[in-house]
1. State which residue is surrounded by the most Cβ atoms within 10 Å (Cβ to Cβ) when the search covers only region 35-67 and only residues that are over 18 Å from the mean Cα position of the chain (by Cα) and hydroxyl-bearing (S, T, Y).
2. Restricting attention to region 309-322, does a residue exist that is in contact (Cβ under 8 Å) with a residue 60 or more places away in the chain, touching an Asp or Glu at 6+ places or on another chain (Cβ under 8 Å) and closer than 30 Å to V229 by Cα?
3. Residue pairs, Cβ under 7 Å, 6 or more apart or interchain, first in region 172-187 and under 15 Å from Y58 (Cβ atoms), second polar (S, T, N, Q) and part of a helix (DSSP H, G or I). List them.
4. Pull up region 219-250, narrow it to residues that are farther than 25 Å from K195 by Cα and touching a Ser or Thr at 6+ places or on another chain (Cβ under 7 Å), then point me to the one that is surrounded by the most Cβ atoms within 10 Å (Cβ to Cβ).
5. What is the one condition in (1) under 26 Å from R345 (Cα atoms); (2) among the aliphatic types (A, V, I, L, M); (3) at pLDDT 95 or above that V94 does not satisfy?
6. Grab the helices (runs of 4 or more DSSP H) fully contained in region 156-275, keeping just those with 2 or more residues being more than 30 Å from L287 (Cα to Cα) and within 20 Å of the chain's Cα centre (by Cα).
7. Can you confirm whether E279 is in contact with a helix residue (DSSP H, G or I) (Cβ under 8 Å, 6 or more places away or on another chain), assigned to a strand (DSSP E or B) and surrounded by fewer than 23 Cβ atoms within 10 Å (Cβ to Cβ)?
8. What number of residues within region 193-213 are touching a residue at least 24 places away in the same chain (Cβ under 8 Å), crowded, with 16+ Cβ neighbours inside 10 Å and hydrophobic (A, V, I, L, M, F, W, C)?
Amino acid sequence: MVLFMCCKNIYNKFLNICSRANERGGWMLEELVETKNRFDVINSEGMACVDRINSSLYTGAVEYLTKNRFCWVEVPTLTKITGACENVNTLYAVDHFGVEAYLAQTGQLYLEAKIPSHKKVWTVITSSRAEEEVDGRHLNQFTLIEFEHAGGFESLLSHIENLIKSMIKKALKNNEEDFHFLKVDVDRLSLYLKKFNRITYTEAIEILGPEFGTKWGDDLKSKQELFLVDALGGRPLFITHYPKEIKFFNMRVNDEDERIVNSADLIMPFSGESVGSAERENNYERLVKRLLDSPMYRILKERGKSIDDFADYLNLVKKNPILHSGCGIGFNRVSQSVLQSKDIRAVTNYPINRENIY
């Protein structure tokens, strides 16, 4: 009897959620942010719409990569320190039979290792980051699509833009009813299919300075990034050529200005930074120096790590100094932007953060 009443209460909650949506003839995405009673939400018609749209977005990405002859390769999600991003303080440590290992944050370095074989490679992982923020932008686990190719900076940005557009076109083609049910402004998505805006980091600082007091060398905040998107007309925005001090050690230093690296972040409406990308340093001596001078390495050294932990990657670059570049695409943030939600939890079935795990 107790079990029956419990199931009945859960079912009644589910019916109440559905009835609120149906009374309006649609669903407000804000109602999908609920995390405490997540299992009351995930089987709702609203989340079913999100699932179908996400499926189309993912299919659009895979179709683009396949059409352009990128080879899918498997990468480890339990790694040495080479599975880390810039902020090593957000690593999840795991005892791997007495050896310290980590849940992967990126498969980038492992993808780069396949460049000599395939020239174009991609993968998808669940990225794990122990970030303490509980807000509409951060998750402790999220889907990350990554690719690397034997090509330079302009080719990289072209692939990113065309891949994102392929994702959106697939969803617009397949999910008209789902967009309507979720009250998404599909007309606004036409902006996403136009040429993406592009400015340098230095130009961004010049625009932001009067409003935010931002100085050259500062890392940009989400509020500032979204301000730039709106100020430039609401299209997705590439911000390029960041200071090398605030970027990952293997981003290639610009030939004309050694203060900056050939990098680009794609800032999307609503969600902010959704793609991080760069040319990779292919000069062995410069790569070693960048690693040893990086804030990341200083932290790792304090934890007993050494340059030997990067030996495999460094030797690979030494043996195969191929110019290449790549990116990581935060799938959930792309979805958040396409669905025009202020909260990433609304487009994620199981949004894990410091307060919630399922």
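The values are calculated or read from the model by the stated rules, or taken from the named source; none is laboratory data. Please read all numbers here as calculations on a predicted model, not as lab measurements. Cβ placement follows ideal geometry from the backbone for every residue including glycine, while neighbour counts extend to all protein chains displayed.
1. Per the stated criteria, the residue is S44.
2. no
3. N174/S56; N175/S56
4. Checking each candidate, the answer is K247.
5. Unmet for V94, out of (1) under 26 Å from R345 (Cα atoms); (2) among the aliphatic types (A, V, I, L, M); (3) at pLDDT 95 or above: (1).
6. 222-231
7. The answer is no for E279.
8. 4
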